[in-house]
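Since the structure comes first, as structure tokens, the remarks are kept for the end.
The values are calculated or read from the model by the stated rules, or taken from the named source; none is laboratory data. Predicted model only: the values in this text are computed from it and were never measured. Cβ atoms come from the backbone with ideal geometry, glycine included; neighbour counts cover every protein chain shown. Just the protein is used for accessible areas: all its heavy atoms, side chains included, with ligands, DNA and RNA removed. Shrake-Rupley method; radii C 1.70, N 1.55, O 1.52, S 1.80 Å.
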Amino acid sequence: MTVESLRRSPLADHPLVSGRGVRLVEVPFLTAVNVQAAPTFPTPPAGEVAAWGERSVLWLGPEEWLVVGPDGDTFDLPGGVDVSANRTTLELSGPNARDVLEKGCTLDLHPRAFSAGRCAQTTLARSQVLLWQTSDDPVYRLMVRGSFATYLADWLTDAAQEYL
């Protein structure tokens, strides 16, 4: 038996929603490395995301970034700490995705203030999340601690009911 065969996402058996206005899926097992040192890769300005090959660099705060890559990505960054197991990722998309998020998030998510390529650490339904808009369609990625994943998925499912 390998470690890979034992790996299980926090929402593996959790029903998620999909309808005409919103779609909620889990994107498990993304590779994530937290960097708190002068990096040797392109860094984005405050609140933004920079592309770095197949990876994305999310600004978390002054002198702090999260480098996110696909499942199984391996990279060693000076000053980096692998935090891949710390969070799972929910992806909320569809024409009413922003409407759902606005029910529980205090950020201004209007496209003039928050659009593709933006990220922010915030709370959503009293859960701490890293909110990242990946597309203007809109598509949002919500990176949440595994212990809060079921609660947040349930909250999003309930908040999305009118758009299904």
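For the reader, a short list of remarks on this structure follows.
- So E26, is it closer than 24 Å to D137 by Cα and in contact (Cβ under 8 Å) with a residue 12 or more places away in the chain: yes
- The residues in the stretch 25-42 that are surrounded by fewer than 16 Cβ atoms within 10 Å (Cβ to Cβ) and either in a strand (DSSP E or B) or of a type in the set (S, T, Y) (or both) can be counted, and the count is 2.
- Test: residue in the stretch 2-9 that is assigned to a strand (DSSP E or B) and without any contact (Cβ under 8 Å) to a residue 40 or more places away in the chain: no
- Residue list for the stretch 5-24, filter: surrounded by 15 or more Cβ atoms within 10 Å (Cβ to Cβ) and either farther than 24 Å from T157 by Cβ or of a type in the set (V, I, T) (or both): V17, V22
- R98 being basic (K, R), under 19 Å from V22 (Cα atoms), open to solvent by 30 Å² or more (accessible area, probe 1.4 Å) and without any contact (Cβ under 8 Å) to a residue 60 or more places away in the chain: yes
Quick grid of which residues meet (1) under 21 Å from V25 (Cβ atoms); (2) among the β-branched types (V, I, T):
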{"position": "W59", "(1), (2)": "no, no"}
{"position": "T122", "(1), (2)": "yes, yes"}
{"position": "L131", "(1), (2)": "yes, no"}
{"position": "P138", "(1), (2)": "yes, no"}
{"position": "L142", "(1), (2)": "yes, no"}
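- Complete set of residues in the stretch 130-154 that are surrounded by fewer than 22 Cβ atoms within 10 Å (Cβ to Cβ) and touching a His at 6+ places or on another chain (Cβ under 7 Å): T150
- The residues of the stretch 108-129 that are assigned to a loop (DSSP other than H, G, I, E, B), open to solvent by 20 Å² or more (accessible area, probe 1.4 Å), in contact (Cβ under 8 Å) with a residue 24 or more places away in the chain and within 18 Å of T89 (Cβ to Cβ) amount to a single one, G117.
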